[in-house]
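The values are calculated or read from the model by the stated rules, or taken from the named source; none is laboratory data. All values derive from a computational prediction rather than experimental measurement. Neighbour counts run over all protein chains shown; Cβ positions are idealised from the backbone, glycine included. Accessible surface areas use protein heavy atoms only, side chains included; no ligands, DNA or RNA. Shrake-Rupley method; radii C 1.70, N 1.55, O 1.52, S 1.80 Å.
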Amino acid sequence: MTIAELDLIEQLMTNAISKADFLQYFTVDVVQNPSYVLKLLGEAYTGKSAEEVEYSLFIGFSFDLFTKDYVDILCKLIESDWHVQHENIAGILQKLKSPASVESLYAAAITPLNYLEYDDSYALAVKCIWALGDIGTGESRRNLKLLAESDNEIIRTNALQQLERTADAADKIIMAHYNKQTVRVYQAYNHTIADEAVSLGRFGPSFKIDRMTWIKPSFLWMMYRSGWATKTDQERILAIDITREGFDHILSQVVLSSYDRDLYASREEWQTKLQASPVRCQWDPDRDIYGNKLARRAIQLGLRGEMVHNYIHKWIVEIRDITEYVADTRAAVQSGKFSAELLPQEEPYPLENSIKRTLGILARRTYEH
């Protein structure tokens, strides 16, 4: 970079000249010839000039020049330790969302830099993690899972947030206890509703049929949600076996609780379907015995209207109160005497491709093939 070029960039930085004047007097019109800034970055990298990296990036930001043509040099720069522009570069790579930048972003997230030694917020690592989340490929998620195991709480928390935000199809699994005839779901209620259900073998008059009711196939997610039967109005845990025909019908009527652009033509279409649907589906991080988040997602299904009527009058085969079992298992966890054999046996529930599509498990391109 020439002295004249450096001087013009400094004037642009300090607002001493306008963008129009800069384009008129700079060596080339960078808007018409954006590859010139790419060339400048390459020269700055080769010459290890921190100043020229800063100045070249400033031009790119000022005139919105960054495209995927820049990914290679940006990756080289974010992995270099002789300049101070790493956060800016992470921001550019986040915007570009190129899978080619995944490994470099991961490396930058875990590499300590001397000039950031006193940054207790770990801003660079956080920006790299969010960039990995926005890229959203299998490779980027694998790196996020590695970061989610970090001893650093800030890095670990942000990586978990990105994994939760960008859950892919492989993480969405309906784990359930089932046989050829029935599948088990769980609900937590107060003593009045639970006593009626156990006594009658169906929900009684205290159950509000006009309200949405949520069923959950994952035992540990139910334990997390109810605090192992310790939360108010969730002191009693019911294991409810329903027909697989009914469960499959529920799944076929699902509308996701959050917008999925690969599944719905528009946000407006999704909102219309959500308002009309008798079944709302929500995917949440499944939990371990301590309530910690897992990468795998657990499903919960909200039923309303005619679907609730069919659930309580047609599809329920058996209702069992498992509150005592829950208390015993909770005590085993707290005393360190827990073993996996204490948990209900759950397996991935088999699904037709059409149902996988409805649940957002199967990608459009896979489904169409």
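The set of residues in segment 42-75 being more than 21 Å from M13 (Cβ to Cβ) and of a type in the set (S, T, N, Q) consists of T46, T67.
Filtering segment 307-330 to residues that are more than 16 Å from F247 (Cβ to Cβ) and open to solvent by 50 Å² or more (accessible area, probe 1.4 Å) leaves R320, D321, E324, Y325, D328, R330.
Residue by residue, here is whether (1) aliphatic (A, V, I, L, M); (2) in a loop (DSSP other than H, G, I, E, B); (3) at pLDDT 95 or above holds:
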position: L163; (1), (2), (3): yes, no, no
position: A170; (1), (2), (3): yes, no, no
position: A194; (1), (2), (3): yes, no, yes
position: F203; (1), (2), (3): no, yes, yes
position: K208; (1), (2), (3): no, yes, no
position: W221; (1), (2), (3): no, no, yes
position: A229; (1), (2), (3): yes, yes, yes
position: L238; (1), (2), (3): yes, no, yes
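For segment 109-119, the count of residues that are of a type in the set (S, T, Y), within 23 Å of L57 (Cβ to Cβ), open to solvent by 50 Å² or more (accessible area, probe 1.4 Å) and assigned to a helix (DSSP H, G or I) is at least one. Filtered by the rule that a residue be surrounded by fewer than 17 Cβ atoms within 10 Å (Cβ to Cβ) and either under 21 Å from D81 (Cβ atoms) or polar (S, T, N, Q) (or both), segment 50-61 gives A50, E51, E54.
Cβ-Cβ contacts under 6 Å between residues 6 or more apart (or on different chains), taken from a first residue in segment 300-325 that is farther than 24 Å from D210 by Cβ and among the small types (G, A, S) to a second residue that is at pLDDT below 95 and open to solvent by 90 Å² or more (accessible area, probe 1.4 Å), are absent.
Going by what's in this entry, would I154 be described as open to solvent by 30 Å² or more (accessible area, probe 1.4 Å) and either of a type in the set (A, V, I, L, M) or in a loop (DSSP other than H, G, I, E, B) (or both)? Judged against the criteria, I154 is a match.
Checked against the criterion of being of a type in the set (A, V, I, L, M) and in a strand (DSSP E or B), the candidates V333, V308, V326, V317 yield just one match: V317. Restricted to segment 1-47, the set of helices (runs of 4 or more DSSP H) holding at least 2 residues that are of a type in the set (A, V, I, L, M, F, W, C) and loosely packed, with under 12 Cβ neighbours inside 10 Å comprises 3-13. Could you say which residue among D248, D262 is acidic (D, E) and exposed (fewer than 15 other Cβ atoms within 10 Å of the Cβ)? Criteria check complete, one pass: D262. Flag set for T329, criterion: of a type in the set (S, T, N, Q), more than 19 Å from W214 (Cβ to Cβ) and touching a residue at least 60 places away in the same chain (Cβ under 8 Å).
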